[in-house]
Amino acid sequence: LSVSLRYESRRLVHAATRGDGAVGEDVTQNIRTIGDIPRSLPSDAPAVIEVRGEVYMGKADFLSLNQRQEEAGAKTFANPRNAAAGSLRQLDSAVTANRQLRFFGYAWGEVSAPLGDTVHEVRQRFAEWGFQLNEPSQVCSSAEEVLTYYHDIIAMRADLPFDLDGTVYKVNRLDWHDRLGAVSRAPRW
């Protein structure tokens with residue numbers, strides 16, 4: 001489930017789902033139950049930053065949750081994605097806290113100061129601030145390296161501790177992002 005985390009004065013103040021792309025659901029209280037999400041950022045973070053990422057449930061945690069659901073005579077979940085989304089949207093944050101949700105930070109929205117010159121640099125800053133990153137990842141310098149990385153991901157996909165829809169490729173240089181632009185909601189970079 002895609003989520004945006006808003007930090008002001010380096011403190012987590014708001015969290016929302018992506019929703020329809022313009023308006024999402026306020027999930028701030030439930031987000032605060034996820035241990036992977038820093039409640040505050042260090043002094044080198046911008047005063048205002050929106051960290052975007054994914055709330056997910058690992059494969060082992062999903063199996064454990066369904067086992068507990070089954071033992072309690074409750075409904076089991078079809079897949080980790082549905083379990084994570086349903087858990088984050090609970091009205092009772094105590095239920096959310098018991099669901100072993102995790103968070104990957106991988107993008108950003110509004111920011112009051114530049115974060116770096118490349119996607120890789122920004123990811124490193126996120127890691128330094130305490131965010132988990134969606135790994136594995138790799139900076140590639142050629143089409144051949146990109147194809148090799150793709151085949152590596154396919155080979156390790158079943159052994160990753162989380163489900164994976166596919167591989168995302170991004171142009172590393174941030175100064176090229178504006179030049180390349182976007183179509184509708186899909187960036188060309």
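For this structure, a couple of remarks:
- Filtered residue count, the range 78-118, keeping only those that are open to solvent by 50 Å² or more (accessible area, probe 1.4 Å), under 16 Å from Gly58 (Cβ atoms) and among the charged types (D, E, K, R): 2
- A Cβ distance below 7 Å, combined with a sequence gap of six or more or placement on separate chains, defines the contacts here; from the range 30-52, residues that are closer than 16 Å to Ala94 by Cα reach residues that are at pLDDT below 95 and among the β-branched types (Val, Ile, Thr) in the pairs Asn30/Thr96; Thr33/Thr96.
- Flag if Val146 is at pLDDT 95 or above and not in a helix (DSSP H, G or I): no
- Among the residues here, Glu54 qualifies as open to solvent by 40 Å² or more (accessible area, probe 1.4 Å), out of contact with any Gly (no Cβ under 7 Å at 6 or more places or on another chain) and either under 21 Å from Leu160 (Cα atoms) or outside any helix (DSSP H, G or I) (or both).
- Subset of the range 168-180 (residues that are part of a loop (DSSP other than H, G, I, E, B) and either closer than 15 Å to Val122 by Cβ or at pLDDT below 90 (or both)): Val168, Lys170, Val171, Asn172, Leu174
- Residues (assigned to a loop (DSSP other than H, G, I, E, B), under 27 Å from Ile49 (Cα atoms) and in contact with a helix residue (DSSP H, G or I) (Cβ under 6 Å, 6 or more places away or on another chain)) located in the range 70-98: Gln90
- Residue in the range 157-166 that is part of a helix (DSSP H, G or I) and not acidic (Asp, Glu) present: yes
The values are calculated or read from the model by the stated rules, or taken from the named source; none is laboratory data. Here the structure is a predicted model, which means the values were calculated and not measured. Neighbour counts run over all protein chains shown; Cβ positions are idealised from the backbone, glycine included. Note: accessible area is taken over every heavy atom of the protein model, side chains too, but ligands, DNA and RNA are not part of it. Shrake-Rupley method; radii C 1.70, N 1.55, O 1.52, S 1.80 Å.
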